[in-house]
Amino acid sequence: WEALEHAHLDPDTLRGTPTGVFSGLTAMDYGPRLYEGSGQTGGYVLTGSASSVASGRVSYVFGFEGPAVTVDTACSSSL
């Protein structure tokens with residue numbers, strides 16, 4: 001959202017366009033521990049904390065229809 005605001009783009013004008021989302025992320029430590037969670041976390045066990053689906057979620061929320069690519073960049077994602 002902030003990236004679109006800073007670029008002075010209205011998200012509604014991009015809905016349905018071939019806009020792509022590309023993100024560099026690193027793995028998180030919380031995912032493997034979800035097996036210890038309660039029944040309330042059932043819907044999040046598979047993708048709730050998986051960083052690999054981040055670009056797809058952003059594309060879905062804004063209605064973008066271009067490529068959605070997430071690259072595991074390890075420590076370099078902080079750059």
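Observations, loosely collected:
- When every residue of region 55-68 is checked against the conditions, none turns out to be at pLDDT below 90, open to solvent by less than 40 Å² (accessible area, probe 1.4 Å) and out of contact with any strand residue (DSSP E or B) (no Cβ under 6 Å at 6 or more places or on another chain).
- Matching residues in region 50-76 - criterion: being in a loop (DSSP other than H, G, I, E, B), within 15 Å of LEU9 (Cβ to Cβ) and in contact with a helix residue (DSSP H, G or I) (Cβ under 7 Å, 6 or more places away or on another chain): PHE64
- For region 8-19, the set of residues classified as over 19 Å from the mean Cα position of the chain (by Cα) and of a type in the set (A, V, I, L, M) consists of LEU9 only.
The values are calculated or read from the model by the stated rules, or taken from the named source; none is laboratory data. Being a predicted model, the structure only gives us computed values, none of them experimental. Cβ coordinates were reconstructed from backbone atoms using ideal geometry, including for glycine residues, and neighbour counts include every protein chain displayed. Areas reflect the complete protein model, heavy atoms only, side chains present, ligands, DNA and RNA absent. Shrake-Rupley method; radii C 1.70, N 1.55, O 1.52, S 1.80 Å.
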